[in-house]
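See structure below.
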Amino acid sequence: MNLDFSPEDLAFRDEVRAFIAENYPAGLREKQEEGEEMAKEDFLSWHRTLAKKGWVAPAWPEKYGGPGWTSVQRYIWSEETARADCVPILPFGINMVGPVIYTFGTPEQKERFLPPTLSGDIWWSQGYSEPGAGSDLASLKTKAERFTGDDGKEYYLVNGQKTWTTLAQHGDWIFCLVRTDPNAKIQEGISFLLIDMKSPGVTVRPIITLGGEHEVNEVWLENVKVPVENRIYEENKGWTCAKFLLAHERSGIAGVARSKRGIERIRQIASVELSDDGDALIKDPMFKRKVAELEIDLTALEYTELRTLAGEAAGKGPGPESSVLKIKGTEIQQRITELVLEAAGHYGAPYFRGFPKDGDNAHPIGPDFAHRAAPTYFNVRKTSIYGGSNEIQRNIIAKMVLGL
Amino acid sequence: MDFNFTEEQSMVRDTVASFLQDKYDFETRRKIVSSDAGWRADYWKAFAEELGILGASFSEELGGLGGGPIDNMIIMEEFGKALVIEPYLGTVVIGGGFMKHSGYAGAASVIEGIVGGTTTIAFAYAEPQARYTWQDLKTTAKKDGSGWVLNGHKAVVVGAPFASHLIVTARTGGAQRDAGGVGVFLIDKSLPGVVTRDYPTVDGNRASEVYFENVSVPADALISESGLDLVNQVIDEATAAVGAEAVGVLRKLHEGTLDYAKQRKQFGTAIANFQVLQHRMVDMFIEVEQSVSMTYMATIKVEESAAERAKAVSAMKVRIGRACKFVGQNAIQIHGGMGMTDELAIGHYFKRATLIEGLFGSVDHHLKRYESLSFDAAA
């Protein structure tokens, strides 16, 4: 057992640092650090830069366009990108549907979908949740009925509604779980379909969340015609893909490197903001205690993740233990946003949505960091709900790990 | 980066585990702790001669098998699983630690005695007034010719009834709480003037109040005349080893609770089917896993710089302390009335977990220490 990086790993880290310094724009860095909302182009420009370099999909096998990194290199990559406040690569294509396609797809499907997923030419949305199917995902009702088109080809006619669809307002394609056999047992009649969002009958409607953001949407599917060749894996076997995807979604969800950066930011903020005593907030014993506990808990999470990575390197796939990472990781992310809001004091109150940021520099409204403190706090409550709520993660551990 | 164990390390674990499985089941342990001696000297001999584990954590130059802190971690975890009483912590981890790090002239022969099982050591560091401030010493060591004279009172010296030797901290100079002047001595427990009052501890071990009444010790008893840094280093190593013991205890608390919940029926079903208990047991599992992670982290970092080491160990002890309380209390709760009985092992693991919580510093102590290292030092 040791924690040392090899000379090769250290050289890799230098290479990554140099690349980020040279290619990651300062404007994006600032937006990311302040937690501002990102435009479509913000996400895409960094995605394209990395795609060109061949680094956009660290976990993909080399033959599908991954960089062939070791688990230690991937760890270094996530550390370094978080340290530099890089815009995160959206998970829907790279972490979710991409691995499903290269694991379960046909050669034609791989050929057709993997390159544009890597390049950023397809913006993927995730069509899992429905109004009546949240934590109980398998109870989804969106139905897909097979029929033969006028052209003699086989199609599905898809009807239903998906919801909480993140950034679907920018989406090109959506991967959906649909019910193809209404008479089968609940998890057995589901298929995994790729749907072109330009198809007639697809409607995206915004849902505005607590922080005022337009981040999620409803996606309505009304008599949408989907070619059968857009189905991944066998008909009625979509639940296999769904479970595979959820396990992949959970790995990396710990967000250790980003939380480290978050704590670093709290320490910066609290060294400037003042406590009741007029001294730096970070010297306030109560505030300091909360930051210290956060650091310690993050250390525990980090080493738990490293043990999981070591297990993966030894050939164990991301297993149900990754639910531990999801639970603790999201709790820590939420505690960070709580402390930032707490540090903002009075200036947690002003609401800046649609308000010109640099309207009047001579008469500022509180410190910059405070502008997004409350909206971010509200927004990050989502993390213990999405990706299988933290209660569902406990059910998974109880069943799969503890045998209860 | 690597979290695997070497073949030698795995062998040490298997050797210890199979010995304890055969010879240290719960009923045997009950007999050991209620016997007059309170420990099994013949087992200690077996550790030395049959298993050869007492030398596992010493380098080959020092007569050991070439291991280090990771071997201590492995052995302590297995000892935790069986609630072993025998004084590995005091003798090998602490006694051995002082010998490895001090440059003490007699180290080689002391280590020979430790590895051979003939020397057993208890660490007399605590004092009634000092809580977790290791340099707060009323015990004095006054120069007397070439040797020293010790006077004072050491509190709750765990394992002292089994020890042939004591390692004692005593003030060689300076005021009661000064960092300088913390003397460290290795003395024969049978020296005239060493008065011990022995008693059992609540977790089945034995300890002593040790009084030094004009004890003359020879010059070669002095390990360090001003050794607070050394004391901190050895206590940090010992704390990491106690973390490993806690991991063993916590695993048994969690496993025992799972087993019990699966067989205990109420309302016509196993109580393991109740979601509120399932989630509780998941939260216990998470505490155990995080304790494992922190113990690995601290054990690896114990050999780094003093500041890194101290920060890592305190972070670990905070999480271990919390885990001991959470897992221990909930293990009893889920066992219901049976958890309250002396008959079941579970309560005995809870008692050990409870003492580990405060051993070498409470959660609050280590939080404060972590803060001073992470914030005040940096500022």
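The values are calculated or read from the model by the stated rules, or taken from the named source; none is laboratory data. All values derive from a computational prediction rather than experimental measurement. Please note: Cβ atoms are built from the backbone with ideal geometry, for glycine as well, and neighbour counts cover all protein chains shown.
Here are some notes:
- Residues satisfying the stated conditions in the stretch A:280-322, i.e. in contact with a helix residue (DSSP H, G or I) (Cβ under 9 Å, 6 or more places away or on another chain), facing chain B (nearest Cβ under 8 Å) and small (Gly, Ala, Ser): A:Ala292, A:Ala300, A:Ala310
- Test for B:Ala56: is it in contact (Cβ under 8 Å) with a residue 12 or more places away in the chain, away from chain A (no Cβ under 14 Å), surrounded by fewer than 24 Cβ atoms within 10 Å (Cβ to Cβ) and not hydroxyl-bearing (Ser, Thr, Tyr): no
- In the stretch B:313-326, residue farthest from the other protein chains (Cβ to nearest Cβ) [restricted to those that are of a type in the set (A, V, I, L, M) and touching a residue at least 60 places away in the same chain (Cβ under 8 Å)]: B:Val313
- 2 or more residues of a type in the set (D, E, K, R) and at pLDDT 95 or above: qualifying strands (runs of 3 or more DSSP E) within the stretch B:80-175: B:140-144
- Every residue from the stretch B:271-282 that is under 18 Å from B:Gly336 (Cβ atoms) and within 8 Å of chain A (Cβ to nearest Cβ): B:Ala272, B:Asn273, B:Gln275, B:Gln278, B:His279, B:Met281
- Unique residue being part of a helix (DSSP H, G or I) and modelled with pLDDT of 95 or more when the list is A:Ala310, A:Ala292: A:Ala292
- Complete set of residues in the stretch B:168-208 that are surrounded by 15 or more Cβ atoms within 10 Å (Cβ to Cβ) and hydroxyl-bearing (Ser, Thr, Tyr): B:Thr169, B:Thr172, B:Thr196, B:Thr201, B:Ser208
- Residue list for the stretch B:286-332, filter: touching a helix residue (DSSP H, G or I) at 6+ places or on another chain (Cβ under 8 Å) and among the hydroxyl-bearing types (Ser, Thr, Tyr): B:Ser291, B:Ser293, B:Thr295, B:Tyr296, B:Thr299, B:Ser314
- Of the helices (runs of 4 or more DSSP H) lying entirely inside the stretch A:1-72, those containing at least 3 residues that are within 14 Å of chain B (Cβ to nearest Cβ) and modelled with pLDDT of 95 or more are A:7-23.
- Residue count for the stretch B:38-47 under the criterion of being surrounded by 18 or more Cβ atoms within 10 Å (Cβ to Cβ) and within 16 Å of B:Ile121 (Cβ to Cβ): the result is 3.
- Per the listing A:Glu321, A:Glu302, A:Glu312, A:Glu338, the residue uniquely under 17 Å from A:Val380 (Cα atoms) and touching a residue at least 24 places away in the same chain (Cβ under 8 Å) is A:Glu338.
Yes or no, residue by residue, for (1) of a type in the set (Val, Ile, Thr); (2) in contact with a Pro (Cβ under 6 Å, 6 or more places away or on another chain); (3) closer than 21 Å to B:Lys311 by Cβ; (4) buried (at least 20 other Cβ atoms within 10 Å of the Cβ):
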site	(1), (2), (3), (4)
A:Ala254	no, no, no, yes
A:Glu264	no, no, yes, no
A:Gln268	no, no, yes, no
A:Glu273	no, no, no, yes
A:Pro285	no, no, yes, no
A:Lys288	no, no, yes, yes
A:Ile296	yes, no, yes, yes
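- Qualifying residue in the stretch A:237-251 (condition: more than 30 Å from A:Glu108 (Cβ to Cβ) and touching a Gly at 6+ places or on another chain (Cβ under 6 Å)): no
- Which numbered condition B:Ile121 fails, given (1) crowded, with 19+ Cβ neighbours inside 10 Å; (2) β-branched (Val, Ile, Thr); (3) over 26 Å from B:Tyr24 (Cβ atoms): (3)
- Screening B:Gln275, B:Gln266, B:Gln290 for residues that are over 17 Å from the mean Cα position of the chain (by Cα), at pLDDT 95 or above and closer than 27 Å to A:Val291 by Cα leaves exactly one candidate, B:Gln290.
- Among the residues of the stretch B:61-91, the ones that are crowded, with 24+ Cβ neighbours inside 10 Å and over 18 Å from B:Ala17 (Cα atoms) come to 2 in all.
- Near pairs, Cβ below 7 angstrom, 6+ apart or cross-chain, from the stretch A:1-28 (free of Cβ contacts under 8 Å to residues at least 12 places away in the same chain) to any residue that is among the acidic types (Asp, Glu) and surrounded by 12 or more Cβ atoms within 10 Å (Cβ to Cβ): A:Met1/B:Asp2; A:Asn2/B:Asp2
- Residue check, A:Ala257 within 14 Å of chain B (Cβ to nearest Cβ) and touching a Phe, Trp or Tyr at 6+ places or on another chain (Cβ under 9 Å): no
- Residue within the stretch B:327-341 that is within 11 Å of chain A (Cβ to nearest Cβ) and not basic (Lys, Arg) present: no
- Selection within the stretch A:352-404 - surrounded by 13 or more Cβ atoms within 10 Å (Cβ to Cβ), small (Gly, Ala, Ser) and either part of a loop (DSSP other than H, G, I, E, B) or within 14 Å of chain B (Cβ to nearest Cβ) (or both): A:Gly366, A:Ser384, A:Gly387, A:Gly388, A:Ser389, A:Ala398
- Checking B:Gly174 against (1) more than 24 Å from the chain's Cα centre (by Cα); (2) touching a residue at least 40 places away in the same chain (Cβ under 8 Å), the condition it does not meet: (2)
- Count - residues of the stretch A:111-145 that are exposed (fewer than 14 other Cβ atoms within 10 Å of the Cβ) and in a strand (DSSP E or B): 1
- Among the residues listed as B:Val234, B:Val215, B:Val194, the single one being in contact with a His (Cβ under 9 Å, 6 or more places away or on another chain) and either at pLDDT 95 or above or over 27 Å from B:Arg309 (Cβ atoms) (or both): B:Val234
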